[in-house]
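The values are calculated or read from the model by the stated rules, or taken from the named source; none is laboratory data. Here the structure is a predicted model, which means the values were calculated and not measured. Every residue, glycine among them, receives a Cβ derived from its backbone with ideal geometry; neighbour counts consider all protein chains shown. Note: accessible area is taken over every heavy atom of the protein model, side chains too, but ligands, DNA and RNA are not part of it. Shrake-Rupley method; radii C 1.70, N 1.55, O 1.52, S 1.80 Å.
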Amino acid sequence: MLRRTLVALGALVLIVGGAFVGVIAFDSPAAPPALAAGESIPGIAQWNFAELPKVQSLQARDGAPLNYRLYPGRAGQAADRAVVLVHGSTGSGVEMLKLAQALQAAGATVYAISLRGHGGSGTANGDVSYRGQLDDDLADLVKGLGLDKQGVHRTLAGFSSGGGLVLRIAGGPQAGLFDDYLAISPYIAQDSPTNKPNSGGWAGVAVPRIVALSLLEECRPAVVPGAAGRPFRHGGQGRQQPHAGLLVPAAGQPAARPRLARRAGPRQCADRIVVGADDELFNADQFQPMMQAINPRIGVAVVPNQGHLSMIADPAATTAIAAAWRTLAGD
């Protein structure tokens, strides 16, 4: 009897294990159709990239590089008002050029950072090493840039999935890293009323693979060799600009890994949210009621005639964002 029970248990383990391996190995995210928001930032072909500051770098606690581009405060402006600016998914500090310049013109010293796994930051493209590493990286950036000095007003601002990171930091244990928070067209959650179905058709998701990898995560990748490196979300070929939601592969890059994507979700709130009225990925009219239910002090500004990607490029949008920052900074 005992032998039969052990054989049955062994067979069950093999079946379940085989099912996990099969899901991880063969389930793949589907390539979505063309995105309504467009495949690149509006007007980027006309940008003068000679205006882009050179890449600078500092060292994170694990020795990895954290890259950023500095837009110093203009002459005659206070040098103690800093904005750490976070890009959207698959992006880097490069795509934040126009928004960084608008914030700089409004009186900020801007650090357009590249999150770990992007733009040469970190040690692996599209990945982190542990939960909370992005939070630790932000703490290392604040200290390494000297922004922790007394008298420096610090704002964390982020776009799209970077806006989701802003929201999570604002409501988490490291909220004291910054004086205030500015989320631009932020990704909230897959089931949030702000989110359109499939983020407006932005991505294909391998849900079974996500579930299997999540269950196996605590067992470490050694259980299923190569499991942690399997892509689970596909944003389509040629999408090289930041979009909303979780991190997805750009052309020629590996897909984002589960650990990094889960770090980009919010916990509570930010001080101010700015979103385009015509956002193709999110329901702009749902941000205000949802945030008011969380915390009535949160301000939400809806910019007319702006889509998702235009929020970091169109002068009307970047001006509105700069005005929101000036309000936070006390102007």
Filtered residue count, the range 292-309, keeping only those that are over 22 Å from Arg154 (Cβ atoms), outside any strand (DSSP E or B) and either among the aliphatic types (A, V, I, L, M) or open to solvent by less than 20 Å² (accessible area, probe 1.4 Å) (or both): 6
Residue count for the range 128-146, restricted to those that are open to solvent by 10 Å² or more (accessible area, probe 1.4 Å) and part of a loop (DSSP other than H, G, I, E, B): 6
Scope the range 97-127; condition within 23 Å of Ala45 (Cα to Cα), without any contact (Cβ under 8 Å) to a residue 40 or more places away in the chain and surrounded by fewer than 24 Cβ atoms within 10 Å (Cβ to Cβ); matching residues: Gln104
Filter result (assigned to a helix (DSSP H, G or I) and open to solvent by 10 Å² or more (accessible area, probe 1.4 Å)) within the range 81-96: Val94, Glu95
